[in-house]
1. Pull out all pairs, ordered by first then second residue, where Cβ-Cβ is under 9 Å, the residues are six or more apart or on different chains, the first lies in the stretch 85-96 and is farther than 22 Å from THR68 by Cα, and the second is small (Gly, Ala, Ser) and assigned to a helix (DSSP H, G or I).
2. Which count do you get for residues in the stretch 45-64 that are charged (D, E, K, R) and surrounded by 15 or more Cβ atoms within 10 Å (Cβ to Cβ)?
3. Have a look at VAL23, VAL16, VAL67 and point out the one that is surrounded by fewer than 13 Cβ atoms within 10 Å (Cβ to Cβ), among the β-branched types (Val, Ile, Thr) and at pLDDT 95 or above.
4. So which of GLU144, GLU106 is within 30 Å of VAL38 (Cα to Cα), open to solvent by less than 90 Å² (accessible area, probe 1.4 Å) and acidic (Asp, Glu)?
Amino acid sequence: MPNFDSTWARQETQSVTGKLQDVLKPQGALKPRIQTAVNQLQVQISKMDSMLGKLQERDAQLFQRVVTAMQQHDTSTSKVLSNELAEIRKVTKILSNARIALEQIELRLSTCSDLGDTVVAMIPTMGLMKNLKTSLGKVMPGAEQEIGQMAEMLGGFMTESFSGDAAFGI
């Protein structure tokens with residue numbers, strides 16, 4: 001069994017040309033990739049939910065067996081079962097924390113996707129405001145300044161949205 005370690009968790013290695021192609025070739029649109037990642041996360045979360053359900057069932061069974069062993073004054077069996085119950089509860093806690101982390105990642109990606117949709121909707125608005133600013137500047141000089149401030153505010157919003165730290169703590 002010396003090769004069990006290498007066959008159990010074999011990692012796919014990519015060739016040098018494959019890595020080079022990944023760098024040179026564009027990945028495609030960001031929104032579909034984010035949606036794919038969200039879908040994959042949802043699948044993993046549902047798998048974790050089923051694993052947690054099975055662990056909770058096993059927890060209830062073992063707990064009942066511990067209670068029965070204690071009632072029958074079988075201390076050795078109750079100790080063994082109690083230790084196993086403690087291990088199952090540790091694994092359940094780890095899986096629960098991992099599930100919560102995956103949910104947070106899913107929510108963050110969904111928020112990024114929604115923000116991207118918002119920015120895409122706002123881009124035409126900025127162009128319209130610039131055109132409106134020049135058109136109204138001839139008729140109403142005071143409105144030109146106000147529209148300029150609004151366009152600057154929208155531009156600032158878009159800049160802050162994708163600045164990294166200010167956006168989502170990424």
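1. Nothing qualifies.
2. Total meeting the criteria: 2.
3. When all the criteria are applied, what remains is VAL67.
4. On the way: GLU144 fails: within 30 Å of VAL38 (Cα to Cα).
The conditions single out GLU106.
The values are calculated or read from the model by the stated rules, or taken from the named source; none is laboratory data. Owing to the predicted nature of the structure, the values given are computational and were not obtained by experimental measurement. No Cβ is skipped: glycine too gets one built from the backbone with ideal geometry, and neighbour counts run over all protein chains shown. To get the accessible areas, we keep the full protein, side chains included, count just its heavy atoms, and leave off ligands, DNA and RNA. Shrake-Rupley method; radii C 1.70, N 1.55, O 1.52, S 1.80 Å.
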